[in-house]
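Below is one structure; the comments refer to it alone.
The values are calculated or read from the model by the stated rules, or taken from the named source; none is laboratory data. Not measured: the values here are computed from a predicted model. Note: ideal-geometry Cβ built from the backbone for every residue, glycine included; neighbour counts use all protein chains shown.
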Amino acid sequence: MNRLLLLFFIIFNLNIQAQTEKNDKLYFSDALVMHLPKYNKEAKAAYRHRRFEEAESLFDTLVETKLKGTRIDNFKFLDLNGKEVALYNYKKPVYLLTYASWCIPGKGEIPALNELAEKYRDRIDFVILFWDKKETAKELSKQFNSYINVLYVDETRNNHSYVVKNLKHSLGLPTCYLIAGNREIMDIKRTVFHPYGISKEKSFQLNYEAIDSAISNNLIQNHQNKEDIKLSVISPK
C-alpha cells in the first residue's frame, strides 16, 4: 500500500513538473524577437568585411545559447493537395529541412535523406518544406521517397507571412531543425555544401554521416534517454 502511494505521488509530481516546464518554455518565435536583431547586425558586419569564420561562429552561438531548448511554434504549412498541415500534427520527433527550388542541394544529399528516412521511418517524421508554389513543390517532391513528407509555403499568396518571417527570413535556407517529440528544438543546422568536384558517392557518404549523426545525437539518443529516466523513476526497486 505504501509503495502504491509513493508511486502515485511520484507520477503526480512528474506531471506537475512537466506541466510547469511546458508553461514556462520560451517559444522559438519569441526568442527570435529577443535575439535576432543583435545577431543580424553583427553577422552582416562580419560578412561585409569577409570574416566568414566569425559569421559562422555568430550563427552557432545564437543557436547554442538562445535557440536550442526553445519550443517550436505550431507553424502551419500546405501539403501537395493544398490542405493545411500543422507542425504539431507530427507526433514523433521531426527532422525539418527547409528548401527552395533555386537552392540546389548537394548531389548526394537527397539520396542520403531518402535512405535515412527509410531507416528511421518508425521513429522520426521527415519533413521537407519548400518555399515555392504548389506546382513547383509537386515536381520537386518526385525526388523524395514516400517516407518523407513534402510540404510548401507559397509566399506569393501572402497567407503564411508569420511562418515565412520566422522560418525563412530569420535564419535563411537551407536550414535544418531537429525537433524532439515534446516540440523542443534540439539543434538547428545549416546545410553544408561540399566541394563541387567530389564524386556523387563521396557526397552521399558525407551527407549520410552528417545527417545520421545529427539525428542520433539530437533525436534518437535524446528520446531514449528521456524514456530511460521515466522508467527508472516509476519502476519499483
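I need a count of the residues in region 144-163 that are at pLDDT 95 or above, surrounded by 12 or more Cβ atoms within 10 Å (Cβ to Cβ) and out of contact with any Lys or Arg (no Cβ under 7 Å at 6 or more places or on another chain). So the count comes out to 7. Scanning region 131-179 for residues that are under 16 Å from the mean Cα position of the chain (by Cα), within 29 Å of GLU118 (Cβ to Cβ) and small (Gly, Ala, Ser) returns a single hit, GLY172.
Do we have any residue at all in region 66-82 that's out of contact with any helix residue (DSSP H, G or I) (no Cβ under 7 Å at 6 or more places or on another chain) and closer than 16 Å to LEU173 by Cα? Looking for residues that are out of contact with any helix residue (DSSP H, G or I) (no Cβ under 7 Å at 6 or more places or on another chain) and closer than 16 Å to LEU173 by Cα, one finds none in region 66-82, hence no. For TRP102, the criteria (1) more than 17 Å from LEU206 (Cβ to Cβ); (2) surrounded by 16 or more Cβ atoms within 10 Å (Cβ to Cβ) hold in every case but one, which is (2).
Considering region 90-108, the residues that are out of contact with any strand residue (DSSP E or B) (no Cβ under 9 Å at 6 or more places or on another chain) and not in a strand (DSSP E or B) include one that is modelled with the lowest pLDDT, namely ILE104.
Taking region 180-226 on its own, how many of its residues are part of a helix (DSSP H, G or I), under 16 Å from the mean Cα position of the chain (by Cα) and over 19 Å from LYS107 (Cβ atoms)?
So the answer is 11.
Evaluate the following for LYS119: is it more than 29 Å from GLN221 (Cα to Cα) and either in contact (Cβ under 8 Å) with a residue 60 or more places away in the chain or surrounded by 14 or more Cβ atoms within 10 Å (Cβ to Cβ) (or both)? No; evaluated as a whole, the condition is false for this residue. If you scan region 117-130, which residues turn out to be touching a helix residue (DSSP H, G or I) at 6+ places or on another chain (Cβ under 7 Å), farther than 16 Å from THR191 by Cα and not β-branched (Val, Ile, Thr)? Selection gives TYR120, ARG123.
In this structure, does ILE128 turn out to be under 15 Å from PRO93 (Cβ atoms) and surrounded by 19 or more Cβ atoms within 10 Å (Cβ to Cβ)?
For ILE128, the condition - under 15 Å from PRO93 (Cβ atoms) and surrounded by 19 or more Cβ atoms within 10 Å (Cβ to Cβ) - is not met.
Only a single item in (1) of a type in the set (D, E, K, R); (2) farther than 15 Å from ALA210 by Cβ; (3) touching an Asp or Glu at 6+ places or on another chain (Cβ under 9 Å) is not met by ASP122, and it is number (3).
Condition test on TYR162, is it part of a helix (DSSP H, G or I), of a type outside the set (Lys, Arg) and out of contact with any strand residue (DSSP E or B) (no Cβ under 7 Å at 6 or more places or on another chain)?
Yes: the conditions hold for TYR162.
Taking region 75-89 as the range and being part of a strand (DSSP E or B), free of Cβ contacts under 8 Å to residues at least 24 places away in the same chain and surrounded by 12 or more Cβ atoms within 10 Å (Cβ to Cβ) as the test, only GLU84 passes.
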